[in-house]
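Some notes on the structure that comes next.
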């Protein structure tokens with residue numbers, strides 16, 4: 001995109017209402033704007049981040065055989081009365097009455113609806129396991145929305161639901177999902193550590209949170225340093241083999257990791273001192289195995305191998321997609337702005353034309369831009385160089401390609417890597433080759 | 001996808017509540033399920049259609065320089081009070097009260113919100129024109145929802161908004177959008193004809209509807225037969241040149257086209273009799289130019305070339321994405337099921353393995369499937385051949401690749417084209433080449 005014609009309204013001033021880095025930087029970099037308390041519009045650069053995160057999560061869900069659906073945002077209250085959660089859910093549920101006085105609600109999660117859809121389509125154990133997911137807007141009427149998209153009211157979530165014929169198979173689905181999450185977070189470019197968690201209002205008896213490490217995180221975390229070296233994408237797990245899944249799960253859970261409320265000093269002291277890490281973290285995912293809680297309460301069963309009806313065992317699995325956009329920034333920024341991991345950056349590189357109108361600058365800048373116009377943000381505004389440097393650091397392109405009149409005359413571009421601050425000069429053709437290599 | 005493991009619950013029986021073909025077929029083919037009156041969940045095959053339609057529309061929006069954003073589903077009532085539409089909008093607006101007794105509404109359209117966002121980001125005529133769009137769920141509380149996704153309550157819409165410094169520039173934006181729509185509908189594979197329309201509650205003084213021709217359409221239409229031959233993708237329009245845009249617009253509007261309420265018998269008789277076409281149509285898009293209606297009422301202005309503040313001129317432009325899925329089926333089906341145009345088919349081809357477990361059938365079917373697993377639906381169920389033929393016709397794959405034991409033994413596949421019913425036999429390698437050519 002050409003910045004002169006783009007709707008990327010960067011701000012010089014720090015908005016007074018923003019208390020944390022990601023909120024400040026998302027507003028200042030022109031990624032989002034608040035439209036009501038805890039509700040945000042995503043502007044072009046912010047939407048690009050949201051979609052890149054969604055796409056990586058989607059690909060890693062598909063890779064374990066999950067199928068994407070799309071459930072509506074509004075749900076009939078009747079469905080939640082069947083599971084017994086309608087009255088139990090507190091004021092965070094946004095309750096709505098339509099013109100015919102029927103009770104609706106804005107879905108905060110979808111266990112009831114997916115169980116009902118499943119019941120209408122699957123009749124036999126032969127069709128199991130089924131894993132269904134969607135990426136859809138949810139609403140939780142937080143009493144005090146804050147921290148921008150980190151604790152908003154309308155938020156984008158990927159939620160998946162698994163249906164299995166027995167416990168062993170359900171546990172295998174849970175472990176596949178865990179692997180899918182670890183791979184997705186790794187691809188996104190963040191360190192996410194699974195930690196044993198309470199099951200809360202979803203219910204059930206097995207649950208893990210996925211915590212991103214960030215110095216500004218909401219809770220203290222304690223973990224084994226070997227988590228930092230794990231390459232989940234290289235794990236040779238046979239997805240269809242429960243024993244292979246169990247070996248992966250045991251390898252992973254044998255390393256200590258806990259948030260402060262689950263921290264166990266005795267177990268912590270068994271970790272080799274050189275491997276003990278303390279830090280802060282942000283929850284970005286949560287997975288639950290809860291057996292037949294919903295299939296029983298809602299009366300859903302399939303025919304089993306011996307002909308008898310069986311309540312399928314379920315799990316549910318969430319990733320806060322819009323929250324992740326904020327959490328990534330909490331984990332990766334400096335005083336000057338955002339430092340995007342390449343896979344989720346709104347633009348892989350920014351091209352800074354320091355002198356638009358200068359024939360050599362325009363020619364070099366356009367040649368770079370045309371190498372990958374969809375992935376570049378070309379700053380062709382009639383502004384001072386200082387403004388362009390500041391906005392490029394703020395928006396956080398992983399790579400900056402600086403085209404100044406002196407360099408352009410000799411066909412030379414200055415390349416700055418945002419994360420390291422490293423700068424090098426290179427000829428045009430090398431810069432074009434660099435652009436092609438950015439992944 | 002492998003049908004044996006997919007959530008594509010086809011139905012033998014015609015659901016009693018479905019009155020029209022698209023509603024019946026979307027339920028029977030397992031594309032959607034109703035979750036509340038006028039509210040639908042999109043199952044895996046249906047979601048694929050929705051995403052293919054969205055992606056074509058998105059690409060044609062981007063091609064005219066429109067920028068994608070994503071506004072939230074819920075809006076503050078205060079915004080609509082500023083424009084004066086909060087009280088004017090009837091009971092179709094779903095009004096909501098949150099836990100702090102603040103008035104929200106589920107957005108039926110976004111003129112107010114986009115005008116407010118624009119005001120926060122654009123300050124000078126130099127940054128115009130700006131065209132912003134999003135693809136987001138909307139809600140209209142229809143008194144009597146019916147016809148499935150054709151008149152649902154929660155529906156997916158692409159809505160775009162243009163901002164220009166003067167009337168001439170605003171008209172050029174309107175005409176670019178018109179071209180973008182014609183190209184998008186053509187790529188989707190439907191005949192859509194623009195017809196002069198009333199402006200209704202949006203207001204303004206220039207408006208066109210886009211009508212898809214379908215024998216079951218909601219209204220009678222009268223049009224010049226030359227519309228059927230138009231190739232909008234080949235139109236050599238210079239997007240930045242108002243005169244080129246005007247020539248395109250004049251060429252298009254010189255051909256007669258009207259819905260029954262706008263039909264003009266005198267003008268109709270000027271059309272050469274051999275070119276007169278009467279039919280039925282379904283509205284799938286609507287575009288409006290309304291000048292400064294919202295920028296004035298909401299007090300939004302930018303600095304003009306002479307330094308004075310100017311209210312930008314606006315247009316708004318909608319395509320009913322979820323409605324289109326139904327409209328395409330109304331335009332393209334037969335007694336046996338859906339006949340998808342290739343560009344929006346959930347799967348480009350269905351592979352029918354008539355005898356799973358037979359070594360030759362499995363080997364040939366798998367070889368076909370592996371040629372493009374994302375675009376194929378492999379029917380590997382342990383069902384009778386008749387069930388597979390019926391479901392393939394019902395789901396409406398443009399191409400069926402039939403693998404039976406006799407053919408498989410000699411490496412021969414039967415290919416059936418859904419639209420024409422034409423059947424041919426070909427060897428495996430030719431079928432693999434055919435799959436690669438399907439676009």
I want to confirm something. Restricting to segment B:146-170 and keeping residues that are out of contact with any strand residue (DSSP E or B) (no Cβ under 7 Å at 6 or more places or on another chain) and surrounded by fewer than 22 Cβ atoms within 10 Å (Cβ to Cβ), which single residue is modelled with the lowest pLDDT? B:146
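Quick one: which residue in B:434, B:394 is surrounded by 17 or more Cβ atoms within 10 Å (Cβ to Cβ), in contact with a strand residue (DSSP E or B) (Cβ under 9 Å, 6 or more places away or on another chain) and under 23 Å from residue B:7 (Cα atoms)? Steps first, answer last, please.
Details: B:434 fails: under 23 Å from residue B:7 (Cα atoms).
Going through B:434, B:394 in turn, just one is surrounded by 17 or more Cβ atoms within 10 Å (Cβ to Cβ), in contact with a strand residue (DSSP E or B) (Cβ under 9 Å, 6 or more places away or on another chain) and under 23 Å from residue B:7 (Cα atoms): B:394.
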Test each condition in (1) away from chain B (no Cβ under 14 Å); (2) touching a strand residue (DSSP E or B) at 6+ places or on another chain (Cβ under 6 Å); (3) in a helix (DSSP H, G or I) for residue A:226 and report the one that comes out false. (2)
Counting only residues in segment A:1-16 that are farther than 16 Å from residue A:28 by Cβ and not in a loop (DSSP other than H, G, I, E, B), the one farthest from the other protein chains (Cβ to nearest Cβ) is identified as A:2
Failed condition for residue A:255, given (1) touching a residue at least 24 places away in the same chain (Cβ under 8 Å); (2) more than 30 Å from residue A:326 (Cβ to Cβ); (3) assigned to a loop (DSSP other than H, G, I, E, B), with all others met? (2)
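From the list B:326, B:350, which one is without any contact (Cβ under 8 Å) to a residue 60 or more places away in the chain, under 30 Å from residue B:21 (Cβ atoms) and crowded, with 22+ Cβ neighbours inside 10 Å?
Values: B:326 fails: without any contact (Cβ under 8 Å) to a residue 60 or more places away in the chain.
Among B:326, B:350, only B:350 is without any contact (Cβ under 8 Å) to a residue 60 or more places away in the chain, under 30 Å from residue B:21 (Cβ atoms) and crowded, with 22+ Cβ neighbours inside 10 Å.
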Identify, please: which residue in segment A:130-145 is touching a strand residue (DSSP E or B) at 6+ places or on another chain (Cβ under 9 Å) and part of a loop (DSSP other than H, G, I, E, B) and is, among those, nearest to the other protein chains (Cβ to nearest Cβ)? A:141
Only listed residue being under 19 Å from residue A:139 (Cα atoms), facing chain A (nearest Cβ under 8 Å) and within 25 Å of the chain's Cα centre (by Cα), chosen from B:104, B:74: B:74
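In this structure, does residue B:291 turn out to be surrounded by fewer than 24 Cβ atoms within 10 Å (Cβ to Cβ) and closer than 30 Å to residue B:195 by Cα?
On the way: surrounded by fewer than 24 Cβ atoms within 10 Å (Cβ to Cβ): yes; closer than 30 Å to residue B:195 by Cα: yes.
Against the criterion (surrounded by fewer than 24 Cβ atoms within 10 Å (Cβ to Cβ) and closer than 30 Å to residue B:195 by Cα), residue B:291 qualifies.
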I need a count of the residues in segment B:146-157 that are more than 14 Å from chain A (Cβ to nearest Cβ) and touching a helix residue (DSSP H, G or I) at 6+ places or on another chain (Cβ under 7 Å). 2
Taking the conditions exactly as written (assigned by TED's automatic domain parsing to the domain that holds residue A:351 and in a loop (DSSP other than H, G, I, E, B)), does residue A:431 satisfy them or not? no
Any chance you could count how many residues in segment A:97-129 are touching a residue at least 12 places away in the same chain (Cβ under 8 Å), surrounded by fewer than 22 Cβ atoms within 10 Å (Cβ to Cβ) and in a strand (DSSP E or B)? 3
I'd like to know if segment A:45-57 contains one or more residues that are over 23 Å from the mean Cα position of the chain (by Cα) and either within 11 Å of another protein chain (Cβ to nearest Cβ) or part of a strand (DSSP E or B) (or both). no
Would you tally the residues in segment A:305-323 being surrounded by fewer than 17 Cβ atoms within 10 Å (Cβ to Cβ) and either in a strand (DSSP E or B) or touching a helix residue (DSSP H, G or I) at 6+ places or on another chain (Cβ under 9 Å) (or both)? 2
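The values are calculated or read from the model by the stated rules, or taken from the named source; none is laboratory data. Treat the numbers as computed from the prediction; the structure is a model and nothing was measured. Note that each Cβ is placed from the backbone with ideal geometry, even for glycine, and that neighbours are counted across all protein chains shown.
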